[in-house]
Amino acid sequence: MAWPALSISPCLEDSSEQCRELAIAIFTRVVERTEAVLELLPYAIPVLRDRLGPLTADSKNPTEPSEELRVKLHALLRWQGGH
């Protein structure tokens, strides 16, 4: 079941906000519909950490510039943790 995560993960880092938003929606659907969430974590957590974390080590600004997409990424992270 990890193959969708492998295909979608690079899209979460795309320069296009629309592409990142679509990737988040797809990834969320995959997580909601699988019983094997633990298999997805090795692919999801690094990308989520990179998108939600600071742009640089000394920066307070997150890598993901869109507040709306950060909210969706946080929701995805909370859902995975609560499954």
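The values are calculated or read from the model by the stated rules, or taken from the named source; none is laboratory data. Treat the numbers as computed from the prediction; the structure is a model and nothing was measured. We place every Cβ from the backbone using ideal geometry, glycine too, and count neighbours over all the protein chains shown.
Key figures for this structure:
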read-out	value
Qualifying positions in segment 14-49 - modelled with pLDDT under 85 and acidic (Asp, Glu)	Glu32, Glu35, Glu39
Any hit, segment 43-59, residues being outside any helix (DSSP H, G or I), within 11 Å of the chain's Cα centre (by Cα), in contact (Cβ under 8 Å) with a residue 12 or more places away in the chain and surrounded by 11 or more Cβ atoms within 10 Å (Cβ to Cβ)	no
Filter pass, Arg78 being among the basic types (Lys, Arg) and modelled with pLDDT under 80	yes
Complete set of residues in segment 26-42 that are of a type in the set (S, T, N, Q) and either assigned to a helix (DSSP H, G or I) or surrounded by fewer than 16 Cβ atoms within 10 Å (Cβ to Cβ) (or both)	Thr28
